[in-house]
Structures are given as C-alpha cells and as structure tokens.
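The values are calculated or read from the model by the stated rules, or taken from the named source; none is laboratory data. Note that this is a predicted model, so its numbers are computed, not measured. Glycine also receives a Cβ, built like all others from the backbone with ideal geometry; neighbour counts cover every protein chain displayed. In case anyone asks, the SASA skips ligands and DNA or RNA and just uses the protein heavy atoms, side chains included. Shrake-Rupley method; radii C 1.70, N 1.55, O 1.52, S 1.80 Å.
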Amino acid sequence: MALEVAFGWCSHPGPRSVNEDWATAAVGKGRDQDRGAIVAIADGVSTGGDGREAARTSAMTVVLDYFSAPDSWDTSVVLDRLIDAQNAWLAAHNRCRRATAQGGRAAIAMTTLTTVTLRGQVWTVAHVGDTRAWLIRGDDCIQLTQDHSFSETFQSSRLTRALGLDDRVRIDFVQGELRKGDIFLLTSDGVHGVLGRAVLSKLARDSDVQGACDAIVAAARKAGTPDNATALMVRIGALIERGFDGALAASRRLPGLPTLKPGDAVDGFTIESLLADTGVHRLYRAHTTGGDRKVLLKALHPSRAGDEQERAMLAHEAWLSSRIGRADPPRGEAGFVAVLPAESRSAQYIAFDWHEGVTLQALLKSGTPMDVADVVAAAIAIARALGRLHRTGVIHRDVKPDNLLRSDDGRWWILDLGAALSGSDPPELRLLRAGTPSYMNPEQWGRDGRGPQPADEASDLYALGVTLYQWLTTRLPYGQVVPFQAGRFRHDPKPPSRLRPDVPVWLDSVVLRSVALDARLRFETAEELVLALERGAARPLATLAPTPLAARDPTALWKIALGMSVLLNLLLMYWLLFLPR
C-alpha cells in the first residue's frame, strides 16, 4: 500500500512588503515511493533582502535532494548531510559578502528550517531556528520543536541557531511512530507568535486541509501578526508498508518455505534441484513456469523457520538486495545480484536472478592460474562495486572467493548480503560476529589493544586485499586464521612476486599495503585502492618497511625480558652450585 497524504499551505507577507517565508512539499513517486514524503518550511532573515532566497534555496534543496540520497541511508543521516551542506554554502556566501563589503555593514542572509519526513512507519523532524512543527493526534497538539532564540522578550526575535549563521550548524532531530490520521502542522513565527496551541489545534482539525491552512493564516493576520505568516499542513490517509519496517512486517505474516523437491512448484517457480543445505538456509535452483527465466531461491531451513531473529535477518537481506541489486551493473564495475519482486509470495524466501558461471573459490581450486592483468582488472571492478556499496552506507562483512562469481559473459558479481550492515539492520544482525576468520582484519580480533572492533568499510577492503593475495598466489597472507588466534599475525606476508615470478613489483606494494598489519598503512577508501591499481607501474606506491617486532607481537619485549631473566637466574644458580669460590 502506498503512502496517502493530503497537503495544504498558505503564506502571506502580513504587514511587511516582502514575504521571506517559504514552504514546500513532495511525495515519492515510482522508484522513490519507498522514500515516503517530506515537507519543509523556512523563514528567511537578512540585512539586504536575500532572506527570501536563503529560505527558498534551503527548503527546495533539502526537499528535492532528499529523493536523490541512497535508499539504504537512514532518514536522519540524509537530512543531516543535506542541511549541513546548505548551511556551509550560505555561510560561505555571507563570508564573501563581508569580505567584499565597501564600508558599512555587509548584507547577509540566513534562514530557519524545519522539515518533517514521513517514511515507512516513522516520522522524522529536522529543525534549526524558530519555525515550528506540531503533531496533532486525537485530542493532543504536541509541539515537536524548540525555538532556537533568546528567551528574553526583548530579544525573542534574535536567533541562536540558523542556516548561514556559523560555519557549522547543530540540528535537532526528533523521531516517532507514524499513525493513520496524524496531522503535521508547520508554522512560521508570524503564526505561532500570535496564535496559541489551542487555537492552532482547533483550526487544524478542519476536514479540508487547504481550508485549515487558509484559516490559520487569516487568524494570525486578524490577531495582528507583525511578521510574514505561513502554515503548511500534511494529513496522513494511509501508511506505506514498504521500507525495511514494512518488509519485516510483511515477512512476519508469511510461513516458512517447506521442504521442496525437483518438480515442485511455488508461486510460479518450478524447482530444478537443491543446491545447498547449510542447516540454516536452503538454496534451490528453479525457473519460472514458462521456463524463460532461471532463479535461485533462498529460504530458511524448516528447523529455523520459526526463529524470529533468523526471519528478521532474511527479511533484511531481501530488502537490502532489492535496493542494491541490479540486472545490469555499471560499466567496469562488479554487480550485486538483482531480486525478483515479492508482491505475491506464499512463503518467506528470496528469489535471485540466476547467473551461470563459476565462483573464484572454484577457480582457485581448479589450479589454473589467471593472467595477472585479468586479476587486476577484476579487482578494480570489485573494488569499484564495494566503493558504491560503502557510499550507500552498507558494509558487506563477508568478501571472500566463495562470494565472488564470474558469470559466463565475463562479468563479476558480489554475492551474499546476508551479513551486510545497512543502518536499518535488525539488532541481532549487528551483534552477530559475521565473516570468515581468514579474511577479517586484525582489529576485529582486538590486536590494536582496544578490544575487538566492529566491522566497517576498512574490513571489506582488507578482505578484498586478502582475496587478491590469494588470487595471485593461491595462499593466504597470514595462513588459515582460527578465531582469536592472534599468533597468525606475527609475521609479515611474503611479497606475491616471491611466490609467483610474473607478479610485478608495483603490484606487490598494492597487495601488501591492502593487508598491512597496521591499519594506518592500508587504503582508506575503495576509490584509493582502485586508483593504485589503475596507475600500476606508472606511479608505483612506496614499498612498505617491515613491521617492527613490537607491532607484530606486542608481548615480544616481555617475552625477551622474561627469557633473559630466566637465563640470568640459571647462570647464577650454576655459579653458586658448581663454580669454586
């Protein structure tokens, strides 16, 4: 079900010649439908007439760019980045005005900004200044924002926070559960400065949203408002059931997929074979009823189908894959497998596009080495895909040869987002120590003295570095790592060229930097790794110095001291017992 909202707005300059208020609203359509709706109100402040432009650009920029942000970003993250960028632009504009002012006071422009975002089952308010957001629910009228202005009456019009006032702006965020019938009212100070909560609540309950806004502004003018008066209202008719919250709610209504055998049919798919049974998941190869499309079905093992945590994690993988996956990845980039729509499922499972091909793990087991140039090209494509993944705020957490597939058309695909973190992931998934030990960076084992650290973007890059080392040499840089077996990290890995003579020296530097014990020496972003691989011998990286013994084994000095102490004591005992006095 799509989000159903009714908008209304009214703005009047009041007794002033220029109206520096601005209000706008937008609702997602098509592929942006899951983003819900956003409304914004801004009240410009200026000494040279640019307040209206500051209000207009701020409100319009945030509302329009909101739908351009990655789907996996949390709403508060999107708003924080958009508002911070707009504030930086206004602050730079004002600095330029001050620097070029020829005597007298420079004309500056600032604005307040209040937005309400309706996404899934959650509303989010982002607020700076003294415009206000109200939630009218049942008999209650709740003020959701606090004015950022001086409390003294004679200074109440002076703002303590506004866009363009300082280089950095602190934004207030408030979130809550969205309900059918909720009314959100946004007002400028020309309205709530003269109308109390009871009046606003009464007028906002008009059945006609636009009529209610007109009545509120008219009441403010009648009450003698000294400023521009603007009211923006949105009323919720029906809630959207998409987004992860909606996907999770929908999955809870579905039973687990029963055990299937070849020839069985489910929701228009015919089972061809059982590919894998891990005890947690079952993977089936299937095709559509017409036989025109092959798919991979992933479902919980029947023994796990009643586990709410496992169901939540599978629902998250389906939701994330539907946003990250695509049938045709960008040129020169590995892809993430697309997911078929799940509108008419009779059970909980995921239907992935089928790509005929072979995993990197199978290629390595075959014993046939790949040409170094082909390995570098593939690593660039995979690193670019990881960079795109990280820019959307997602961490894969399980990059390894088993999860890299080369399809028959030569393209590479990154598989299995089951352990990925998106910011919307269920708590049990975030607490799960996911990943394969040999591909997990040392910080996750607590080698930096801070205790085990959670996986982040650097973890994916390290795992890709280990994979690249193994790809070139068929060996792991630190050998097979067992969980918490810190001893495996006590020796620097050998340069790949010593194990495979056709590996160029410049590639040694890239690979060894990717898996360096010291996290500060590794690549910070996927884009940095791509650049190093693309430049190759034209601009080689500096060779890393050997890791000091104290860094490879923090207890080494204590062990040496202990050994010397034992040796000294043995010599002393020998001297006391056997040597003549």
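Flag not set for ASP65, criterion: within 25 Å of HIS390 (Cβ to Cβ), modelled with pLDDT under 85 and open to solvent by 50 Å² or more (accessible area, probe 1.4 Å).
Of the residues making up the range 438-482, those that are part of a loop (DSSP other than H, G, I, E, B), surrounded by fewer than 22 Cβ atoms within 10 Å (Cβ to Cβ), under 28 Å from the mean Cα position of the chain (by Cα) and of a type outside the set (Lys, Arg) are GLY446, ASP448, GLY449, GLY451, PRO452, GLN453, PRO454, ASP456. Given the structure, is ASP34 of a type outside the set (A, V, I, L, M, F, W, C), in contact with a helix residue (DSSP H, G or I) (Cβ under 9 Å, 6 or more places away or on another chain) and not in a strand (DSSP E or B)? The answer is yes for ASP34. The lone criterion from (1) farther than 25 Å from GLN175 by Cα; (2) at pLDDT 80 or above; (3) open to solvent by 10 Å² or more (accessible area, probe 1.4 Å) left unmet by ARG81 is number (1).
The residues listed here are ALA40, ALA99, ALA92; of these, the one that is over 23 Å from the mean Cα position of the chain (by Cα), within 30 Å of HIS390 (Cβ to Cβ) and not in a strand (DSSP E or B) is ALA92. Restricting the range 112-169 to residues that are of a type in the set (Asp, Glu) and surrounded by fewer than 23 Cβ atoms within 10 Å (Cβ to Cβ), the residue that is modelled with the highest pLDDT is ASP147.
The set of residues in the range 518-542 being within 27 Å of the chain's Cα centre (by Cα) and either basic (Lys, Arg) or open to solvent by less than 20 Å² (accessible area, probe 1.4 Å) (or both) consists of ARG520, ARG522, PHE523, ALA526, LEU529, VAL530, ALA532, LEU533. Checking the range 399-414 against the condition returns a match, with at least one residue being open to solvent by 20 Å² or more (accessible area, probe 1.4 Å), within 30 Å of ASP307 (Cα to Cα) and assigned to a helix (DSSP H, G or I).
What number of residues within the range 498-510 are in a helix (DSSP H, G or I), under 22 Å from GLU528 (Cβ atoms) and open to solvent by 30 Å² or more (accessible area, probe 1.4 Å)? Looking only at that region, the number is 2. Determine whether ALA26 is assigned to a strand (DSSP E or B) and surrounded by fewer than 20 Cβ atoms within 10 Å (Cβ to Cβ). The answer is yes for ALA26.
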